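Below is one structure, written out as structure tokens; comments come after it.
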Amino acid sequence: MTTQIRTAAETRLIPALFVAILGLAVITLAGHVQASALHDAAHDVRHATGFPCH
Amino acid sequence: MTPRMMCAMRQGSPATKMIQRLLVSGLFAGAAAGLIVGLLQLVFVQPVLLHAELYETGALVHFGTSEVVSAHPELPAFDAVRDGLSIVFTMMIYTGYAMLLLAAMSVAEDRGAVVDGRTGILWGVAGFVAFHLAPGFTLAPEVPGVAAADIVGRQIWWFGTVAAAAIALWLIAFGKGWTAWGIAVALLIAPHLIGAPEPSQFAGPVPTEIAALFAARALGVGLAAWVLVGCFAGYFWQREGERTGTAQNV
């Protein structure tokens with residue numbers, strides 16, 4: 001039973017968590033970080049996607 | 001290293017295969033949806049944004065002047081660098097969204113949900129509600145030039161509202177009983193009762209007609225975007241599952 005639970009966590013939950021964190025990092029970087037180079041490059045998209053921009 | 005270990009490494013553990021399946025389907029879905037969405041934004045949102053910028057920069061003024069200002073001025077032409085970057089960043093953002101969606105899809109599938117291109121559309125609509133409509137209900141999509149409160153406060157509110165709405169929708173879809181649904185309703189409403197950081201005074205130079213059209217266009221294209229990314233994510237999730245042999249319901 002313990003082995004089964006651990007296997008389910010290893011094969012589903014941990015990969016899901018890993019990819020979710022990666023996805024969140026991508027969104028934060030492309031959509032929210034205020035560094036001026038990133039802000040200027042992503043400016044139009046941030047407005048169009050409804051992110052707080054300035 | 002024994003041949004057996006080599007073989008195990010090449011095939012990968014179940015978890016490694018699952019990560020590969022998530023990443024590959026996320027990249028395909030995000031890039032495909034992002035490219036289409038980037039073009040949709042360029043056609044439907046960008047002209048409104050450029051029009052607003054003419055007022056933001058003061059090139060056009062609509063109050064306090066005796067001049068009659070045309071509602072259809074000549075807008076800046078296509079800019080390869082600016083608009084190209086917009087498409088690249090749209091692809092990045094929707095790849096991030098696809099990864100979040102797929103992470104949730106994979107856990108839901110493990111609990112018995114069917115995930116494919118068709119059900120992916122429902123996931124996409126839910127993603128639109130969580131990531132676009134819920135924060136936009138109080139923090140409406142901002143046209144350039146609007147007065148707004150401090151950026152950090154708005155970003156914290158944005159992330160909090162998105163997280164609350166995402167949990168709420170999960171509870172509505174997979175929760176059992178009125179307790180779960182009650183919590184979901186509370187999570188959906190609470191951020192808007194608390195309220196987002198607002199500016200102390202209004203100073204936007206952009207005509208309300210443009211600002212309203214911008215918000216409507218941003219939300220409309222956002223819905224199309226999420227339906228696309230949900231559908232593609234479900235489709236590629238199925239396809240990658242069959243290819244890598246990690247699918248549950250082939």
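The values are calculated or read from the model by the stated rules, or taken from the named source; none is laboratory data. Everything quoted here is computed from the prediction, not taken from an experiment. Please note: Cβ atoms are built from the backbone with ideal geometry, for glycine as well, and neighbour counts cover all protein chains shown.
Which of the residues that make up region B:26-56 are within 21 Å of B:MET99 (Cα to Cα) and of a type outside the set (A, V, I, L, M)?
B:GLY26, B:PHE28, B:GLY30, B:GLY34, B:GLY38
Given the residues B:ALA103, B:ALA140, which is the only one that is facing chain A (nearest Cβ under 9 Å), assigned to a loop (DSSP other than H, G, I, E, B) and of a type outside the set (Lys, Arg)?
On inspection, the qualifying residue turns out to be B:ALA140.
So which residues in region A:30-42 are at the interface with chain B (Cβ under 8 Å from one of its Cβ atoms) and surrounded by fewer than 23 Cβ atoms within 10 Å (Cβ to Cβ)?
Hits for region A:30-42 are A:HIS32, A:GLN34, A:ALA41.
Taking B:ALA190 as the residue in question, decide whether it is buried (at least 16 other Cβ atoms within 10 Å of the Cβ) and touching a residue at least 24 places away in the same chain (Cβ under 8 Å).
When the stated conditions are applied, B:ALA190 does not pass them.
Name every residue in region B:147-163 that is touching a helix residue (DSSP H, G or I) at 6+ places or on another chain (Cβ under 7 Å) and in a loop (DSSP other than H, G, I, E, B), in order of residue number.
B:ALA148
Which residues, taken from region B:111-137, are charged (D, E, K, R) and assigned to a loop (DSSP other than H, G, I, E, B)?
B:ARG111, B:ASP116
When residues of region B:106-132 are filtered for being surrounded by fewer than 24 Cβ atoms within 10 Å (Cβ to Cβ) and either at the interface with another protein chain (Cβ under 9 Å from one of its Cβ atoms) or among the hydroxyl-bearing types (Ser, Thr, Tyr) (or both), how many remain?
4
Go through B:ALA203, B:ALA247 for me and flag whichever is free of Cβ contacts under 8 Å to residues at least 60 places away in the same chain, farther than 24 Å from B:ALA134 by Cβ, crowded, with 16+ Cβ neighbours inside 10 Å and of a type outside the set (Asp, Glu).
Of the residues listed, the single one that is free of Cβ contacts under 8 Å to residues at least 60 places away in the same chain, farther than 24 Å from B:ALA134 by Cβ, crowded, with 16+ Cβ neighbours inside 10 Å and of a type outside the set (Asp, Glu) is B:ALA247.
Among the listed residues B:ALA8, B:ALA15, which satisfies the condition of being over 30 Å from B:ARG82 (Cβ atoms), assigned to a helix (DSSP H, G or I), modelled with pLDDT under 90 and within 8 Å of another protein chain (Cβ to nearest Cβ)?
B:ALA15
One residue is enough: does region A:13-28 have a residue meeting the conditions of a type in the set (A, V, I, L, M), more than 7 Å from every other protein chain (Cβ to nearest Cβ), surrounded by fewer than 16 Cβ atoms within 10 Å (Cβ to Cβ) and not in a helix (DSSP H, G or I)?
The answer is no, given that none of the residues of region A:13-28 is of a type in the set (A, V, I, L, M), more than 7 Å from every other protein chain (Cβ to nearest Cβ), surrounded by fewer than 16 Cβ atoms within 10 Å (Cβ to Cβ) and not in a helix (DSSP H, G or I).
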